[in-house]
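Structure record follows, encoded as structure tokens.
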Amino acid sequence: MVKTYHIVTYGCQMNVHESEKLAGILCKLGYVYAENIEDADVILFNTCAIRENAENHAFGNIGALKKLKKSKPNLIIGVCGCMTQQDNVAKELHKKFPFVDIIFGTHNLDDFESLLNKRIASKKTVIEVLEKEKAICEETPKFRTSYPNAWVNITYGCNNFCTYCIVPYVRGRERSRKMDDILEECRHIVELGYKEITLLGQNVNSYGLDFNDENVTFPILLKKIADIKGNFRIRFMTNHPKDLSDELIDAMLYSDKICKYIHLPVQAGSSKVLNLMNRRYTREDYLEKIEKLKAKIPNISITTDIMVGFPYETEEDFLDTLDLVKTCRFNGAFTFVYSRRKGTVADKMDGQIEESVSKDRIQRLIELQNQIAKEISLEYKDKVVEVLCEDFDDKKNMYLGRDEFNRMCYFGSGENLIGKFVNVKITKTGGISLTGELV
Ligand code: 5AD
Ligand code: SF4
């Protein structure tokens with residue numbers, strides 16, 4: 001009988017892509033994907049640790065499998081990712097959920113095949129979390145699940161140590177992949193017919209710094225990928241404002257293949273808070289970069305991440321954030337309430353903000369950003385945009401895709417258009433997404 005697997009992924013695109021690697025390993029071993037978790041012989045949870053609620057979610061869903069495991073003793077349950085990479089979490093998880101079979105971290109994801117074999121041979125729980133990152137592994141197979149987009153890692157880890165963030169502790173120091181390896185992967189992806197490449201890293205614009213070679217930088221990489229023959233788009237995420245260079249802005253103009261879209265997390269609008277966060281730029285530095293981006297690339301779409309309720313954030317600091325949002329007029333923003341993470345510098349700070357205050361602030365922030373997004377949406381009315389068709393929405397009975405500015409757009413079609421670039425005239429502008437007709 002064919003063995004099956006199911007993977008539950010939490011968190012960012014990095015995790016989504018790493019789940020594609022786990023799926024690649026399982027497919028190589030002959031497993032096939034099971035749509036329903038209950039049908040799977042191997043269930044993996046690829047977890048996230050960035051905020052407490054992501055962890056609670058994972059804990060809840062893992063706990064809910066106790067019954068299933070009882071009724072299917074041969075079921076293998078694995079837990080990996082940023083949550084298990086934290087100190088003592090693997091032990092805690094094992095104690096709380098002894099029915100989990102394999103626990104591993106971010107640094108040994110590529111070893112999943114041997115961990116699985118070990119579990120099958122020994123019939124005992126396998127717990128292996130490496131303390132430190134290893135050299136980049138180029139051999140892990142991938143089972144891509146997001147056609148027409150393909151994720152491509154360019155860096156792993158992070159050196160920035162923003163004081164609120166757990167990532168540098170669970171993903172290790174920043175390591176760049178060799179340029180030739182990335183280019184080879186991109187060429188292959190384009191040959192296979194993918195229409196969009198999204199370059200991934202905790203901070204893509206510091207790509208190559210660890211090589212200390214002036215010919216290996218993110219702008220150079222971007223241009224080389226754009227030189228690959230074929231009809232495809234290039235996106236990249238995520239960026240740190242301190243590393244956004246003039247060269248990168250120029251490189252974005254080098255080719256039409258490079259989407260005029262950038263995700264540039266600001267986190268806060270007050271220089272005091274930014275300093276406490278160890279972001280290494282001020283409010284003014286950030287605004288200057290936004291101005292530069294808009295001056296050189298007038299139609300650019302900019303999105304961001306913003307946090308409220310960081311220790312010592314006063315009402316005045318928060319008003320600075322609202323003011324910055326008004327000035328920048330972001331095309332979109334992911335908004336978060338600060339979440340204390342054990343082991344980070346901010347967790348030890350006095351001046352933690354009360355939940356009720358943070359809740360009030362996030363609401364006001366979301367309201368403002370929604371208003372701006374709506375106004376920007378209105379500008380789309382009757383315009384024709386080029387959309388890469390990505391999927392079909394059963395509920396709406398419509399196809400959907402994004403324009404180069406990352407704006408979601410729905411449209412009807414009798415023909416399957418997934419993977420095709422189409423022109424859509426916008427007829428309805430709602431909140432975040434647009435609706436239109438094929439032209
Ligand atoms: N609490 C809340 N949000 C966080 N982020 C990172 N760490 C935390 C935390 N401890 C947010 C940042 C980052 C995004 C990926 O998640 O805004 O840019
Ligand atoms: Fe976390 Fe800052 Fe690194 Fe982003 S740049 S992953 S927020 S430490």
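The values are calculated or read from the model by the stated rules, or taken from the named source; none is laboratory data. Worth saying up front: this structure is predicted, and the values here are computed from it rather than measured. All Cβ positions, even for glycine, are placed from backbone atoms using ideal geometry, and neighbour counts span all protein chains on display. For the accessible areas, the whole protein counts, side chains as well, though only heavy atoms, and no ligand, DNA or RNA atoms are used. Shrake-Rupley method; radii C 1.70, N 1.55, O 1.52, S 1.80 Å.
Things worth noting here:
- Leading residue at positive end of dipole, the chain (Cβ point charges), from Ile297, Val190, Leu274: Val190
- Taking Met307, Met237 and ordering them by how much accessible surface each has at a 1.4 Å probe, largest first, produces Met237, Met307.
- Checked against a 18 Å cut-off, the cross-linked pairs Lys229/Lys257; Lys229/Lys383; Lys142/Lys229 give Cα-Cα distances beyond that limit for Lys229/Lys383; Lys142/Lys229.
- Out-of-range pairs (alpha-carbon distance over 31 Å; input Lys374/Lys395; Lys326/Lys420; Lys294/Lys428): Lys326/Lys420
- Rounded accessible area per residue of segment 146-259, 1.4 Å, Å²: 38 Å²
- Prolate/oblate/rounded label for segment 5-65 (Cα gyration tensor, a/c 1.5): oblate
- Ratio Rg/Rh, restricted to segment 4-128 and using Cα atoms, in which Rh is the Kirkwood radius: 0.92
- Listed by chain and number, the aspartates and glutamates placed with their C-alpha closer than 20 angstrom to that of Lys96 are Glu52, Glu55, Asp87, Glu128; residues fewer than eight positions away on the same chain are left out.
- Residues whose amide H falls under 5 Å from that of Ser301, counting only those 5 or more places apart or on a different chain, are Tyr261, Ile262, with hydrogens built in the peptide plane.
- Taking 13 Å as the straight-line reach from the Cα of Lys67, the aspartates and glutamates in range (excluding those fewer than 8 positions away in the same chain) are Glu38.
- Database note for the chain: Cys without another Cys beta carbon under 4.7 angstrom, Cys12, Cys27, Cys48, Cys80, Cys82, Cys137, Cys158, Cys186, Cys259, Cys328, Cys389, Cys409.
- Extension gain, Tyr254 to Asn231, is 6.7 nm, computed as 0.36 nm per intervening residue step minus the present C-alpha separation.
- Along its principal axes, the chain has C-alpha extents of 62, 58, 48 angstrom, given from the largest down.
- Scoring 376-382, 331-337 by mean Cβ neighbours within 10 Å over their residues and listing the highest first yields 331-337, 376-382.
- Two-decimal Rg to Rh for segment 384-438 - Kirkwood Rh, Cα set: 0.91
- Protein-only accessible surface at a 1.4 angstrom probe places the residues Lys289, Lys66, Lys272 in the order Lys66, Lys272, Lys289, largest first.
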